[in-house]
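One structure is given here, and the rest of the page talks about it.
Read the figures in this text as sums done on the coordinates, not as results from a lab. Just so it is clear, the structure is predicted and the values come from calculations on it, not from any experiment. Virtual Cβ from ideal backbone geometry, glycine too; neighbours counted across all protein chains shown.
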Amino acid sequence: MSKVLVIAEQRDGRLKRSTFELVGASAAAGNETHVALLGEGVAGLAQELAHYGAKKVHLAENAGLKFYTSEAYSKILFPLIQSLSPSVILASHTPTGRDLMPRLAAKLGVGLASDCTQLTFEGDQIKVRRPVYAGKATVEVEFLGSGPRVATFRQNALGIPKPDTSKTAEISTTSVDLGTLATRVIEVVKGNSARPDVTEASIVISGGRSLKNAENFKILEDTADVIGAAVGASRAAVDAGFRPHRDQVGQTGKVVSPSLYIACGISGAIQHLAGMRTSKVIVAINTDPEAPIFQLADYGLVGDLFAIIPLLREELKKIKEH
Amino acid sequence: MNIYVCIKQVPDTETKIKLNADQNGIDTTGIKWIVSPYDELAIEEALRLRDKNPGSTATVVSAGPVRVVEAMRTALAMGADSAIHVDLPESADNNWVAKSIAGALKKESKFDVIFTGKEAIDDGAAQVSQLVAEYLGIPSVTVVLGTEYLPSGVRCKREIEGGSFEMVEASFPLLIAAQKGLNEPRYASLPNIMKAKKKEVKTLKPSDVGTSEADQKIRYKNFQLPPPKQAGKKISGDPAAQAKELVRLLHEEAKVV
């Protein structure tokens, strides 16, 4: 058992699911689980962390923490970590976590294992594995020297436990003095998509060049909306201008790990497979029975996606209505 | 302005990864090495900023084994003015690399803007950019899709999740990590490839930049290839039968919908 600090993440008044994964994994291993929760007007979120196993929530609230900057967050977290002295610090490999944690680790004089997909606790140490070459191989990360073990985790890699709403956590309010800052967020411009991000979604439906044009992605979007899925794309589809780069799944795009990945009209170039290989269940729909994607698929459908997808949408609707 | 761009040499995305005999690294035999794609955007941004500010220089920096000089020649052929190579072993981690690059930059007369890619496509750790900034004590903005240069700093369009973005302002000197969409990197012309061969590449040892093996904080070991997947189920029939059977299996067997 060890003292673990999870760096919570919230946006628009909601905690990220990936924060629950980390809190849950730590608590399930019997650790004394602390959570740092930073933001403006976020006190109401603290008890939700308890439902996943947080023992104590360290709350820092300030207008200067409304939007994340590494500078402001570090000014709160560094002294908190020094006084708490956890043996393990966990964060999510999200736009916030990946930006923040290298700087925080350097301030602590320790290394960082980023984008890990496996975690086990061994005494006050952790054992982690992470993909390299975008998943073409995996490695164990050995921490050298002493100090807290710091790691970030890929979203959806650890899974979310069932919450226990009877649990409560102790809340400690951390004082905030941000001083002058060299970086500031002027504004946040919301994306127009109501769908989840490909890295966050538990289901991703992706399309390749076989979709033929940008308009045809609507059949994937309509199906995605039935099951709350994100819509992704292969590099070929992005290069052809069918989708923006932010939706690209692969080594030069996003690396995803959903519970279900449906590849439509994607042949399975090595750099695409690297980006979705760790998905728990993979479905491939392709006219070419020899397409490499079928070697990775748990369920393979040889056929025309334009015929299959609309029918798939109707079948999914039936399931959802039950 | 003194502009710097940090790059990494990585295996081409089409590379099939094989492990070495000790399973403590990959077999690099026959690998085609390229400049990490996000770093090309960083190079392009550095060149554009230099050309907009007469009297500026763009210097490319890379830390790693001697092969990385080849990647820096590509940056020089694209138009960078000179290069600094810090000679580090293949196994150096993000921390040692970043501290060495920061050490090399501290030896320069001054630095105004440092560009990097948002991550390298081999390790994919997305650490070195922020670590370089941390060791230099300057702000960093990562995953940048657009830049607007102000008298005292830069306003950056930073990608966050779900197609949203933030407008972030940071003051000089600062580090900017480029995301795809920032620009379209140029190709090197043949005359510029020839010219690049004559440009200066300075090589520094770890001791020159104040680092040593003690700056290595993590090590990768026990490399594994992904386990081969069991052959999946083929679902046949007409499209209606395929769709129905797929949803049944996803619901009843895989339990994911």
Number of partner chain Cβ atoms within 10 Å, mean per residue of B:163-174
6
With Cα coordinates, the longest principal axis of chain A makes an angle with the long axis of helix A:95-108, in degrees rounded to 10, of 40
Relative to the longest principal axis of chain A, what angle (0 to 90°, nearest 10) does the C-alpha long axis of helix A:70-84 take?
50
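Given a cut-off of under 8 Å on Cα pairs at least six residues apart, what relative contact order in percent is computed for chain A? List each step's numbers first, then the result.
Numbers: 686 pairs, mean separation 45.6, N = 322.
Rounded, it is 14 percent for chain A.
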With a ≥ b ≥ c the root eigenvalues of the C-alpha gyration tensor of the protein assembly as shown, is it rounded (a/c under 1.5), prolate (a/b larger than b/c) or oblate?
oblate
Only helices counted: for the protein assembly as shown, with every DSSP H run of 4 or more residues adding -39500 (n - 2.57) and the sum spread over all residues, [θ] at 222 nm is -8500 deg cm²/dmol
How do A:Glu321, B:Glu90 line up, fewest other C-beta atoms within 10 Å first?
A:Glu321, B:Glu90
Candidate cut points under trypsin sites (Lys or Arg not before Pro) in region A:48-124, DSSP loop plus at most 16 other Cβ atoms within 10 Å of their own Cβ, are A:Lys66
May I ask you to compute the full-extension gain from B:Asp12 to B:Arg248, defined as 0.36 nm times their residue separation minus their alpha-carbon distance, rounded to one decimal in nm?
80.9 nm
Pull out a ≥ b ≥ c, the square roots of the eigenvalues of the alpha-carbon gyration tensor of region A:92-181, then state rounded if a/c is under 1.5, prolate if not and a/b is larger than b/c, and oblate in the remaining case.
oblate
Gain on full stretching of the segment that runs from A:Ser85 to A:Asp239 - 0.36 nm per residue minus C-alpha separation
50.7 nm
If you find the alpha carbon centre of region A:20-41 and of region B:142-165, how far apart are they in angstrom?
30
Give the distance, in whole Å, between the Cα centre of region A:211-243 and the Cα centre of region A:276-322.
14
Quick check on the exposure proxy: order A:Leu311, A:Leu260, B:Leu76 from fewest to most C-beta atoms within 10 angstrom.
A:Leu311, A:Leu260, B:Leu76
Can you compute the modelled spin-label distance between B:Lys195 and A:Lys107, with each label point 7 Å from Cα toward Cβ, in nm?
4.4
Over region B:14-134, relative contact order from alpha-carbon pairs under 8 Å, at least 6 apart, %
26
Degrees between helix A:217-227 axis and first principal axis of chain A (Cα, 0 to 90, nearest 10)
60
Approximate spin-label separation B:Lys52-A:Lys218, in nm, with each point projected 7 Å along Cα-to-Cβ:
3.9
Given the options B:Arg155, B:Arg219, B:Arg50, which has the most mean-square fluctuation in a GNM of chain B, springs set between C-alpha atoms less than 10 angstrom apart?
B:Arg219
Rounded to the nearest 0.05, FRET efficiency between B:Arg155 and A:Asp177 (Cβ-Cβ, R0 25 Å) equals 0.40
Just A:Ser234, A:Ser26, A:Ser175 to compare: in a GNM of chain A, with alpha carbon springs under 10 Å, which one fluctuates most?
A:Ser175
By count of other Cβ within 10 Å, fewest leading, how are B:Met1, B:Met194 ordered?
B:Met194, B:Met1
Please identify, among A:Ser257, A:Ser85, A:Ser146, the residue showing maximal mean-square fluctuation in a Gaussian network model of chain A using a 10 angstrom Cα cutoff.
A:Ser146
So what's the gap between the Cα centers of region B:3-62 and region B:186-255, to the nearest angstrom?
15
For region A:51-101, rounded, prolate or oblate, judged on the Cα gyration tensor with a ≥ b ≥ c (square roots of eigenvalues), a/c < 1.5 rounded, else prolate if a/b > b/c?
rounded
